[in-house]
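Structure, as structure tokens:
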Amino acid sequence: MASYDSKDLIVLEGLDAVRMRPGMYIGTTGSKGLHHLLWEIIDNSIDEVANGFGNKVEVTLHKDGTASVLDNGRGIPVSPHPKLKISGVEVVFTQLHAGGKFGDNNYKYSGGLHGVGASVTNALSRWLEVTVYKDGKKYFERFESIEKKGKIHSGVPVKPLAELGNTTLRGTYVKFLPDDRVFKDIEFNYDTVYERLKETAFLNKGIQIELIDERINKRETLCYEGGIRDYVTHLTMDKKPLFFPPIYIENEIDDTYVTLALQYVDNYTESIFSYVNNIPTPEGGTHEVGFKTALTKVLNDFAKKHNLIKDKDITFMGDDFREGLVAVLSIKMKNVQFEGQTKTKLGNVEARSRVESVCTQGLTEFFASKKNENVGNIIIEKAKGAARVRAATKRAKETARAKNSIESSMLIGKLANCTSKNAEINEMFIVEGDSAGGTAKQGRDRYYQAILPLRGKPLNSEKKRIDQVLANEEIRTIIGAIGTGIGEDFKLENLKYNKIIILSDADQDGMHIRCILLTFFFRYMRPLITNGNIYVGMPPLYKVTTRDKEKYLYTDEELEEYTKHLTNYNLQRYKGLGEMSAEQLWTTTLDPAHRSMIRVSLEDAVKADQEISMWMGDDVGPRKDYINKYANFNKQDNFEKKKEAN
Ligand code: TSJ
């Protein structure tokens, strides 16, 4: 026993250091740090079952402020450590970084703040108890924070590990009370723990994780047989996946275990969630690079092999294959090195080639299969759209940049600008059709209203893609006239018109033009939408003439309401802007005192963007349905009519 006590001394110094500087070991003494204590314990159990020893981890949040973790693994080793001469259990809870000292060094992958070890939890607890069920025996040890000579010592064993009799169970149980002198608040948050356990369950397929909150009588079991496949399905739950199930790859190379699941959805964002040893790497790193390289290569090869690049001006870039991508990449390897601002970026160079190799092989195999050919085609179609938009953006940017040069004066030629230079009051009407444009030029207040006629024809053909639309001269004129630039170069302060008003007919062609323009603004000048600068003008649909007055009506509902009690009247229906005189157009549509228009919201623009995507697709069915349903833009239930903010 004497030798035991002397060893103890060294041990205590280690844990006291943790208590002196908790931030060094767990980052903060706030809620995040508090939960870190629990993660340290849970991670140990997860490692055990993830390595195939046992299949269940149970986490309990108790009423008295303690938390406990139980697994059905092999049980922490109880035999004396050859050098330290104390039980394995005691080593785990009293030695800093004791994690990897047992058995095969597969045991623990650690790096940075992660995996500092269970001793840190012990050091920052009022007390901690461990029960080990192993080889038919039950063992127990308790650690306490004690005061000696006015000093607090952390994680001191009350007694050495004790054998408490026989058992048929197998596993490890740890219960602890966080030290309220270290943490401002020692209350565990159910949602925080739940989210962490859910992520862990996804990353370790088949493991059964149970969360029990005795404080609120809640119990939840998390178990995903599909692992990260289920994770991807979960991530795409309220999106529109382009195929199902997600692509899944798993393989091992040079002691590095790689799993990948991916899916594509109907949007333009890239979402890659990567992990190393179950630790999230939001800053990416070498493993992500390896995956991206593989994806680009395999998809390029697929496109070539199946002769899918007929369009000569398409050359894919890596980014094109990641629009709408939702992927989870999880690898396990030893000696990980983390880098970056928040130490959440994988730095190991060897990870890159290993991940690339596994992903290239797996993805190549996947796409070589006849039954997956359709998935390949879908992804290439999606990438083509991305490549076209990228090329068009580049062309449009070049035009926008040229706007200050002599060349630009020619492009702006069609614009009938206003004389005022005051962007605050200036308005630009984008008018469908040359003839309506001409009328609008005559009817406007030229001091602050500019008119840009938009030739109907080139925009009307349904097959036009958004990139071709972008290349369209009028669109480029719009970009030049607005003054802000597009994409990353966008600068709101250079906006030349406070209101940009789309004026088109209330028919299918007009509807299409509006959709295209809104999609354009949404994708390339989004701040104009969020800032509330984009409007849709509403020309009247009807004119009702009675003996003593003329009344313009903008919707079917208005017409019905107005004519309900009229007996003798003349109804004129306007089929297009072109049917109105300059005076009429001023009175009904341009004059702020009488006109009616809709300020476009981000939701409106998103809807337009989605519709355009549908339009560009090859399936004519939904397109037709859509046109029939929404062709009349002036119906109030399509776009909520908002009073113009003057
Ligand atoms: F964090 C912790 F250390 F406190 C802790 C560890 C907490 C809990 C709840 C469980 C565990 C834990 C550790 N569960 N299972 C294990 N397994 C081992 O430590 C172990 C068992 C056998 C062998 C072997 O080589 O025979 C090796 C190890 C590392």
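Some points to look at:
- Qualifying positions in the stretch 521-575 - surrounded by 17 or more Cβ atoms within 10 Å (Cβ to Cβ) and among the hydroxyl-bearing types (Ser, Thr, Tyr): 524, 535, 542, 552, 554, 555, 574
- Look at the stretch 42-63: where a residue is farther than 15 Å from residue 189 by Cβ and open to solvent by 60 Å² or more (accessible area, probe 1.4 Å) and a partner is within 11 Å of the ligand (Cβ to nearest atom) and of a type outside the set (Val, Ile, Thr), sitting 6+ places away or on another chain with Cβ atoms under 7 Å, you get 51/106; 53/73; 53/74; 55/72; 56/71; 56/72.
- Among (1) more than 18 Å from residue 185 (Cβ to Cβ); (2) more than 8 Å from the ligand (Cβ to nearest atom) - the single one residue 35 does not satisfy: (1)
- Highlighted here would be strands (runs of 3 or more DSSP E) found entirely within the stretch 496-576 that include at least 3 residues which are modelled with pLDDT under 90, but there are none.
- Filtered residue count, the stretch 152-178, keeping only those that are out of contact with any helix residue (DSSP H, G or I) (no Cβ under 8 Å at 6 or more places or on another chain) and either of a type in the set (D, E, K, R) or within 16 Å of the ligand (Cβ to nearest atom) (or both): 9
- Count of residues meeting criterion [near the ligand (Cβ under 8 Å from one of its atoms) and modelled with pLDDT under 95] in the stretch 49-84: 0
- Given (1) closer than 16 Å to residue 34 by Cβ; (2) among the β-branched types (Val, Ile, Thr); (3) open to solvent by 60 Å² or more (accessible area, probe 1.4 Å), number of the condition residue 193 does not satisfy: (3)
- Subset tally (residues that are of a type in the set (Phe, Trp, Tyr) and closer than 30 Å to residue 50 by Cα) for the stretch 294-336: 0
The values are calculated or read from the model by the stated rules, or taken from the named source; none is laboratory data. On a predicted model such as this, the values are computed, not experimentally measured, just so you know. Quick reminder, even Gly has a Cβ in these numbers, built from the backbone with ideal geometry, and neighbours come from all protein chains shown. Note: areas computed on protein heavy atoms with side chains; ligands, DNA, RNA excluded. Shrake-Rupley method; radii C 1.70, N 1.55, O 1.52, S 1.80 Å.
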